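Since the structure comes first, as structure tokens, the remarks are kept for the end.
No lab work stands behind these numbers, since they all come straight from the coordinates. Bear in mind the structure is a predicted one, so any value in this text is a computation, not a measurement. Cβ: placed from backbone, ideal geometry, glycine included. Neighbour counts: every protein chain shown.
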Amino acid sequence: MAWNCLTIFLGLILLLLQPAAGEEIQFNRDIRPILADNCFPCHGPDSAARQGELRLDTEEGAFASEGILVRGKPKQSQLLSRLHHTDPAERMPPTDSGKSLSKKQIEKIRLWIEQGAVWQKHWAFVRPVRVDPPRHRSKWVRNEIDQFVLDQLLKRNLKPSPRATRQALIRRLSLDLIGLPPSVAEVEAFLGDDSAEAYEKVVDRLLESRHYGERMAQVWLDAARYADSHGYSLDRRRVMWPWRDWVIQAYNRNLPFRDFSIQQLAGDLLPEATVEQKLATGFNRNHPIQSEGGVINEEYRIETVVDRVETTSAVFLGLTMGCGRCHDHKYEPISQREFYSFFAFFNNVPETAHVGNADNQVDRPFVRAIPSQAQLGKLTSRLATLRERLANQPKRETSMTERVWIDDQLPRGAVAFGNGSGPDKFLFVDSSADHPVHSGKKSSTRTSQGLGQHGFQGAAEPISIPAGTMLFAHVFLDPRNPPREIMLQWNVGGSWEHRAIWGENLIPWGADGTSSRFAMGPLPEKGKWVRLEIPAEKVDLVDKQVSGWAFTQFDGQLHWDTAGWVSRQLSPQEQEINLLQGEFDALRQKAPMVMVMSEMNPPRKTFVLDRGQYDAPTRMEVQPGIPAVLGKLPEGKRPDRLTLAEWMFSGENPLTARVAVNRYWQMYFGTGLVESAEDFGTQGTPPSHPRLLDWLASEFVRSGWDVKAMQKKIVMSATYQQTSRISPSLRTVDPDNRLLARGSRFRLPAEAIRDQALFVSGLLVPRLGGKSVRPYQPPGLWKDVVYSNVPKFKQDHGDDLYRRSLYTYWKRSVPPPNLQALDAPSREACTLTRSRTNTPQGTLVLWNDPTFVEAARILAEKMTRLERESEQALERMFRSVLSRRPNSAERKLLIETHRFFLAEFREHPERAMELLRTGEFPRDEKLDAVEVAALTAVANALLGLDEAVSRN
Amino acid sequence: MNELEDLSLMTTRRQLLGRASCGIGSLALASLLNGDAAAKDLNQGNGRTHFPAKAKRVIYLFQSGAPSQFELLDYKPELEKQHGKELPASFFRGQRQTGMTAGQKKQVCRSIYRFGKHGQSGAEISENLPYLAGVADDICIVRSMKTEAINHDPAITFFQTGFQQAGRPSMGAWASYGLGSENENLPAYVVMISEGSSKRDSQALYDRLWGSGFLPSSHQGVKFRSGRDPVLYLSNPGGLDGRARKKIMDLGNALNREHYQSIGDPETITRIRQAELAYRMQTSVPELMDTSGETEETFRLYGESARRPGTYAAHCLQARRLAERGVRFIQLYHRGWDQHGDLPRDLPLQCGDIDQASAGLITDLKQRGMLDETLVIWGGEFGRTVYAQGGLNMARYGRDHHPRCFSLWMAGGGIRPGLTYGKTDDFCFDTVENPMHVYDLHATMLHCLGMDHEQLTHKFQGRHYRLTDVHGKVVSSLLS
């Protein structure tokens, strides 16, 4: 903690936070936080760190030895006497711990003991109990939420604030529910609707809008650490956007939160899982993946599994389990062993935790997110018919034909590479004393220490492999320095999982005994050209289209030459089948490969890792399970991810419903009922309205986890509809609005600020989903930092400049800079609460980012077209941005500034033209440049107003 | 749950302090460029440290890719005799190796460069760094650095944040968090990146390396770049000059004040202040970046390349200018030090980039009486192996990554000059005297800034986090 914060807040704390005199001390509220912060590190759940065999995080522990705590007798309680012991050596906490208790805290403990030292289990680990809302007769109350809130206010002699204006309400609702402001027409319609249901109609309309799913997804993408790049050092492009689109669609079709979550955690394990259900499990494959050349895969596989534990426990349980990785948790009742039991659920994915240095690489396992089922369906049935007909024909004797694919040069379109030890290219050499050649004028060569290879992918005309094909290549091993192992690899649709090996088993790729690593026998004879022949069946290439070939070795020097395939002459019918198959493959290849979860069989064993080190497994094997404090998984069920996910949504789990509704609350009030939305543990903040939280949680469960209904419940409350005006007295009494005596007011998320500018100008392209786009960003940002051979930023054009911000390409090492300046996270790890800073960097984005200047320009054009008089244009512009009319003072300011710029640009028309050249959207040549430029300047101010970038 | 009902007003001390440090409200503390009055009182260089600080600021000259200690700062004459010998597996005592050389023969490789003794202290420095040799008595060489990681990403992330995985605050963010800014018109933490002259691929850098992690994002490093916008989005769009920008800002501020009258949220006032600050930065930052007023003598110190924007030398000169203006943590990254091969070609090029300018910076700071209050640190993320990667071809040799020992140097701000600290064995495989872990460097650096690394903490997700995690000790023999 920054020590300097303490002083200025002390006054405030005293003012606000003391329990009223004579009030009863409550363990959970008053005592546990003190013990947790100061005592648990040495007297808490961590058995290894525990001192003096004293444990203060459980009732049994605290009362285990006599004299530590004596109910009703503070003077006899050692716990108290040690806190203000005169001898510093005896005093607790020890000076070197850096912790100390204030007099007030010690007094609280004294009072608590005096009042009987009543213990309470940590609130969040006790199942919520549905209580009836208090019954206050008040016209203000609109639903149950208000009863709970009003109850608190009345206890503090406070009153709720009046309802916000209609203009403010529709703007608030629209930004909250779909992340876009209302149009001027929508505001007018709402103002003109006198019916009692006017407000509810707006709510229903917004919940049915397809933009609702985008708004909800924006929050979920932070939680799921979604990004369009792999992260770590190379940070190249990945394709996970079909998963992102699944999320948007799931929200839009109001998939119950239970199904939404179970499918994301364990969709692959559902009976007869569909592609969509498998796709949903991309949730736990959104983590970063390494691609640096020298890494040890197991190290990063462990990091990946830990990431899944941390993300899953924070998102669904509101627990920070990470500390249990290295030792028993210092604060939460989670032992190291329990951490690894939870870890075991996610430790069973057949992944490598490493991707290659090329764009759009995927790690196993993955699914193809099928593009058009209809199209594929047609092809599939046509292929089936043709194949059946062929099978029924008598077999013809056909001659075999040999075709050479690689000799002196690579096939057309091939993209060559060389990596590992040796030259970083596909090195062809001319025939000489040093360089034997088998045919033609050249062969390719490589000398490696350890692993090295060259090859190519992306041949323009992939080769079709019918059954019975024999692949071949010629190799010459240097007798003085022969390799220890050689390998051939073929690429099918981006995958290299087709390999044959000769010699020792040293190259780490593929699984022994499968087509991903088929052993052909010992190394061929050295010092002469040897023809290697590989039956296509052995490497799973029959009926496949091969578009790449790699030559790999471990140690030594060799030459490769003349490679190709021998196959039957195809009948016209077979040729047609191949053509169709190619079309089918191409379609499927266009379908992006998306990383998902699946289970290994037999399962990988999980051991407790000493100090959390990947290379230090202990002998302690664990089975998948949940921490005992949360209860038990149902008996008789296989303890796997599906069972875990179903348990989360059973009545047994105290946390998931609370954690979920709390995050919804955070969307509408800026802060959750539990402020530490990611931490419901003993170190988290207690809920401001515990009974309301529990009521909402039980209501959520009762509704069948109906997400839209929960959003509606919250926004229909009178609490939500209060004005956000802050009276001086409220500012003093409750500056953070924890009591909810007013509507909340906070800065919009980065995405909404940009989307709003695009929307009000009319630039927004409201298309849903699809691959991520790269709108404007300052030049050279990627180049400054990325690994040299990684592609640089290439800006998109046209529609892709104007898509909603959640479709912006998210590169973890260089996140979109304009969104980042407004607190968008890097997505390297799960984020459940964003900070909301107010910095000059943010201001500069709103002023100068071409996105915002262009939006101002197009907004100005639109206003000029709609209104002939500039005063009307200014007024309409103000309404478009802020959803209300300007008052007279505001109107005067607008007009005065506009006049200034009219004069300015009349005098310097070249400046007007220059301003109107910002952004790629074509200028409306029919409009007067000076007039539009002057309005643009005013619009630039409006789009950055505090009122515009906040939800009020 | 009745008993919990009254909690709504029972915000704990921790919670309020947490709020304050999160800078969410109007009283953003210790914050970057925060014009807020409360923050100003607390943080504008009022010396609120744990104990008196020796250094007011840090200039960290980070050499990305990991320069080889064998060819620069750690002289190993024994290697002349051992050259070409193969190291048995037992030699490595369990040290893991990267996937790049794990499978190859390990042949000892000598350095092809000469070392000399320099200054009164007799510091051993290679012929690649003649200018550094000239300031040998002003610097302290540490030869016994140790780290955990063997690959670039985790190692550099560890160096910058004290943790190998992404998510923790960087050391500059910690400094900003702890000490705030001394200049309300400039960020507390500035980063500049230069490209090396070596022909090898440069390793990647990431925003997280100067990120704020779970600290308020206002503490993240602000990247200063060469070219039109030294700070992102700094310059106005074409057609709008400073006067026009002022007019637009005035309109915005006036409308914001109107809004404040009706809503009463102090955040609105903060936004007005931030706008004014942004406007001032539009003048102050370009003025800072404009070195045309520097004397010929100064350019002679840093070298001719200091005239070319974006070079390491230009950044060293900028670093001094930032230091003069009270920026708390100035971090340069120079790329291109990953000599797996072609070291004889590339290492001299890299040294050419940095040698004169680094030494020039020391001299310049000293001449201006600023060296005492400025801690300068130069070094990479790990060391390199005693064995050659690939073959033992002395015209094209290179070295793989090595974590157990490597060298860096420090100067000024509370560090003893003329000292060579720590010793490594004849193969520079491990330290034999005074090992200094990255955590120790962090602890010592914070100590020089007047902060106790065990007390500079931030609570996040239920835990008090430190830059040094649960490790680190101040290396007192380095202190002057």
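Give me the angle, in degrees from 0 to 90, between the Cα long axis of helix B:438-448 and the longest principal axis of the Cα atoms of chain B, rounded to the nearest 10.
That works out to roughly 50 degrees.
Helix A:198-208: angle to the longest alpha-carbon principal axis of chain A, degrees 0 to 90, nearest 10?
The angle comes out near 20 degrees.
Restricting to DSSP loop positions (anything but H, G, I, E, B) with no more than 14 other Cβ atoms inside 10 Å of their own Cβ, which trypsin sites (Lys or Arg not before Pro) remain in segment A:481-545?
Details: sites: A:Arg484, A:Arg499, A:Arg517, A:Lys526, A:Lys528, A:Arg531, A:Lys538, A:Lys544; in loops: A:Arg484, A:Arg517, A:Lys526, A:Lys528, A:Lys544.
Here the sparse-neighbourhood loop sites are A:Lys528.
With a/c under 1.5 counting as rounded, go ahead and sort segment A:684-843 into rounded, prolate or oblate using the C-alpha gyration tensor (a ≥ b ≥ c being the square roots of the eigenvalues; past the cut-off, prolate if a/b is larger than b/c, else oblate).
Values: a/c = 2.08, a/b = 1.84, b/c = 1.13.
Since a/c reaches 1.5 and a/b is larger than b/c, the shape of segment A:684-843 is classed as prolate.
Out of B:Ile269, B:Gln282, B:Gly252, whose Cα points farthest toward the positive end of the dipole of segment B:239-289 (charges: +1 Lys, Arg; -1 Asp, Glu; placed on Cβ)?
With unit charges placed on the Cβ atoms, the residue in question is B:Gln282.
Going by how many other Cβ atoms sit within 10 Å of their own, how do B:Lys76, B:Lys473 line up, fewest first? Each step should come with its number before you reach the end.
Working: B:Lys76 19, B:Lys473 15.
Listed from fewest to most nearby Cβ atoms, that is B:Lys473, B:Lys76.
Which ordering of A:Val349, A:Val707 is given by a fewest-first count of other beta-carbon atoms within 10 Å?
Working: A:Val349 25, A:Val707 22.
Sorted ascending by nearby Cβ count, the order is A:Val707, A:Val349.
Helix-derived [θ] at 222 nm for chain A: sum -39500 (n - 2.57) over DSSP H runs of at least 4, divide by residue count, nearest 500? Don't skip to the answer; put the middle values down first.
Details: 34 runs with 357 residues, N = 952.
Using -39500 (n - 2.57) per qualifying helix, the result is -11000 deg cm²/dmol.
Skipping prolines and chain starts, which residues have an amide H placed within reach, meaning under 5 Å, of the one on A:Lys442, given they are 5 or more residues away or on another chain?
Correct list: A:Asp408.
Rounded, prolate or oblate: which fits chain A when a ≥ b ≥ c are the square roots of the eigenvalues of the alpha-carbon gyration tensor, with rounded for a/c under 1.5 and prolate only if a/b beats b/c? Don't skip to the answer; put the middle values down first.
Details: a/c = 2.14, a/b = 1.35, b/c = 1.59.
Because a/c hits 1.5 or more and a/b fails to exceed b/c, chain A counts as oblate.
Sorted by packing (mean other beta-carbon atoms within 10 Å per residue), highest first, where do B:214-225, B:357-368 land?
B:214-225, B:357-368
Is the shape of segment A:798-861 best called rounded, prolate or oblate, per the rule: a/c under 1.5 gives rounded, else a/b larger than b/c gives prolate, else oblate, with a ≥ b ≥ c the square roots of the Cα gyration tensor eigenvalues?
Details: a/c = 2.53, a/b = 1.47, b/c = 1.72.
Oblate.
Over segment A:417-506, calculate the relative contact order: mean separation of alpha carbon pairs under 8 Å at least 6 apart, over the residue count, as a percent. Don't skip to the answer; put the middle values down first.
Values: 101 pairs, mean separation 19.1, N = 90.
Contact order relative to length: 21 percent.
How do B:Ser235, A:Ser813, A:Ser888 line up, fewest other C-beta atoms within 10 Å first? Don't jump to the answer; show the numbers that get you there.
Working: B:Ser235 18, A:Ser813 28, A:Ser888 7.
The order, fewest Cβ neighbours first, is A:Ser888, B:Ser235, A:Ser813.
Taking the radius of gyration and the Kirkwood hydrodynamic radius from Cα positions alone, what is the Rg/Rh ratio for segment B:298-397, to two decimal places? Don't skip to the answer; put the middle values down first.
Numbers: Rg = 16.0 Å, Rh = 15.1 Å.
Taking Rh as the inverse mean 1/r over Cα pairs, Rg/Rh reads 1.06.
Relative contact order for chain A using alpha-carbon pairs under 8 Å, separation at least 6, rounded to a whole percent?
Numbers: 1711 pairs, mean separation 145.7, N = 952.
Across chain A, relative contact order equals 15 percent.
Express in % the proportion of alpha carbon pairs of segment B:152-301 at distances exceeding 23 Å. If you can, show how the numbers build up before the last one.
Details: 6123 of 11175 pairs.
The answer is 55 percent, as a whole percent.
Once you average over the residues of A:469-478, how many Cβ atoms of partner chains fall within 10 Å of each Cβ?
So the per-residue partner count for this stretch is 0.
How big is the gap, in Å, between the Cα center of segment A:788-838 and the Cα center of segment A:49-90?
Answer, in whole Å: 52.
For chain A, with the dipole built from +1 on Lys and Arg beta-carbon atoms and -1 on Asp and Glu ones, taken about the Cα centre, which of A:Gly450, A:Ser547, A:Thr843 lies farthest toward the positive end?
A:Thr843
Would you mind calculating the relative contact order of chain B from Cα pairs under 8 angstrom and at least 6 residues apart, reporting the percent as a whole number? Don't skip to the end; give the middle numbers.
Details: 1021 pairs, mean separation 130.4, N = 480.
For chain B, the relative contact order is 27 percent.
Once the dipole of the protein assembly as shown is set up with Lys and Arg at +1 and Asp and Glu at -1 on Cβ about the Cα centre, which of A:Phe342, A:Tyr614, B:Ile193 lies farthest towards its positive end?
Of the listed residues, the answer is A:Phe342.
Need the C-alpha centroid separation for segment A:532-557 versus segment B:93-132, integer Å.
Cα centroid to Cα centroid, the span is 42 Å.
Roughly how big is chain B's charge dipole about its Cα centre, with Cβ charges of +1 (Lys, Arg) and -1 (Asp, Glu), in debye to the nearest 20? Can you show the working numbers first?
Details: 56 positive and 53 negative charges, 66 e Å.
The dipole of chain B has a size of about 320 debye.
Could you compute the FRET efficiency for B:Leu349 and B:Arg228, with r as their C-beta to C-beta distance and R0 at 30 Å, rounded to 0.05? Before the final figure, lay out the partial values.
Details: r = 28 Å, r/R0 = 0.95.
The value I calculate is 0.60.
If the only charges are +1 at each Lys and Arg Cβ and -1 at each Asp and Glu Cβ, what is the size of the charge dipole of segment A:274-326 around the Cα centre, to the nearest 20 debye? Working shown, then result.
Numbers: 5 positive and 7 negative charges, 39 e Å.
So the dipole magnitude of segment A:274-326 works out to roughly 180 debye.
In Å and whole numbers, how far do the C-alpha atoms of chain B stretch along each principal axis, longest first?
Cα spread of chain B along its principal axes, largest to smallest: 82, 66, 40 Å.
How many nm is it between the label spots at A:Glu533 and B:Arg114, if each spot is 7 Å from the Cα in line with the beta carbon?
That separation, rounded to one decimal, is 6.5 nm.
Summarise the partner chain shielding of A:898-911 as one whole number: the mean count of Cβ atoms from other chains within 10 Å of each residue's Cβ.
Numbers: counts 1, 0, 6, 5, 0, 0, 6, 2, 0, 0, 3, 0, 2, 5.
If you average over the peptide's residues, the count of other-chain Cβ atoms is 2.
Could you state the angle between the C-alpha long axis of helix B:343-367 and the longest principal axis of the C-alpha atoms of chain B, as a value from 0 to 90 degrees rounded to the nearest 10?
That works out to roughly 50 degrees.
Over segment B:47-165, with a single point scatterer placed on each C-alpha, what log10 of the ratio I(q)/I(0) does the Debye formula yield at q = 0.16 1/Å?
-1.07
Stretch B:Lys199-B:Glu304 to full length: gain in nm at 0.36 nm per residue minus the Cα-Cα span?
Working: separation 105, 0.36 × 105 = 37.80 nm, distance 2.13 nm.
Going from the current span to full extension adds 35.7 nm.
Ignore the peptide's own chain and count Cβ atoms of other chains within 10 Å of each Cβ in B:207-219; give me the average, rounded.
Numbers: counts 11, 7, 2, 0, 5, 2, 3, 3, 2, 5, 13, 8, 1.
Per-residue shielding by partner chains comes out at 5.
What FRET efficiency do you get for A:Ala49 and A:Ser81 if R0 is 22 Å and r is their Cβ-Cβ distance, rounded to the nearest 0.05? Write out the running numbers ahead of the final one.
Details: r = 23 Å, r/R0 = 1.06.
That gives a FRET efficiency of 0.40.
Tell me, how many Å apart are the Cα centres for segment B:308-367 and for segment A:251-324?
43
Under a Cβ-Cβ cut-off of 14 Å, what is the net charge of the residues other than A:Glu53 that fall near it, where Lys and Arg count +1 and Asp and Glu count -1?
On the way: positive: A:Arg50, A:Arg55; negative: A:Asp46, A:Asp57, A:Glu60, A:Glu66.
Overall, the nearby charge balance is -2.
DSSP loop trypsin sites (Lys or Arg not before Pro) in segment A:243-289 with at most 15 other Cβ atoms within 10 Å of their Cβ, which ones?
On the way: sites: A:Arg244, A:Arg253, A:Arg258, A:Lys278, A:Arg285; in loops: A:Arg253.
Those that pass, being in a loop and sparsely packed, are A:Arg253.
Based on the mean of other Cβ atoms within 10 Å per residue, sort peptides B:64-70, B:123-129, B:291-297 so the most packed one is first. Could you put the intermediate results ahead of the total?
Details: B:64-70: 27.1, B:123-129: 21.0, B:291-297: 10.0.
The most tightly packed comes first, giving B:64-70, B:123-129, B:291-297.
Starting from one equal scatterer on each C-alpha and no solvent at all, send me the Debye-based log10 I(q)/I(0) for segment A:888-952 at q = 0.20, 0.22, 0.27 Å⁻¹, two decimals.
So the normalised log intensities work out to -0.84, -0.94, -1.14.
Counting only Cα atoms, I'd like the Rg/Rh figure for segment A:484-588, Kirkwood definition for Rh. Display every interim value, and only then the final one.
Details: Rg = 15.4 Å, Rh = 15.2 Å.
Computed over Cα atoms, the ratio is 1.01.
In whole Å, largest first, what are the principal axis extents of the Cα atoms in segment B:139-203?
The principal-axis extents, from largest down, are 40, 31, 28 Å.
Can you compute the equivalent ellipsoid semi-axes for segment A:594-659, i.e. the square root of 5 times each eigenvalue of the Cα gyration tensor, sorted largest first and rounded to whole Å? Let's see the in-between values first.
Values: eigenvalues 122, 55, 35 Å².
Over the Cα atoms of segment A:594-659, the semi-axes work out to 25, 17, 13 Å.
I want to make sure I understand the PRE zone here: with the label point 7 angstrom from the Cα of A:Ala433 toward its beta carbon, which residues in segment A:451-493 have backbone N atoms less than 19 Å away?
Taking a point 7 Å out along Cα→Cβ of A:Ala433, the residues of segment A:451-493 whose backbone N falls under 19 Å are A:478-481.
Can you give the FRET efficiency for A:Ser102 and A:Glu24, using 1/(1 + (r/R0)^6), R0 = 30 Å, r = Cβ-Cβ distance, to the nearest 0.05?
Approximately 0.90, to the nearest 0.05.
Quote the charge dipole size of chain A about the Cα centre in Debye, to the nearest 20; the model charges only the Cβ of Lys and Arg (+1) and of Asp and Glu (-1). Could you put the intermediate results ahead of the total?
Values: 124 positive and 118 negative charges, 399 e Å.
Around 1920 debye, computed over chain A.
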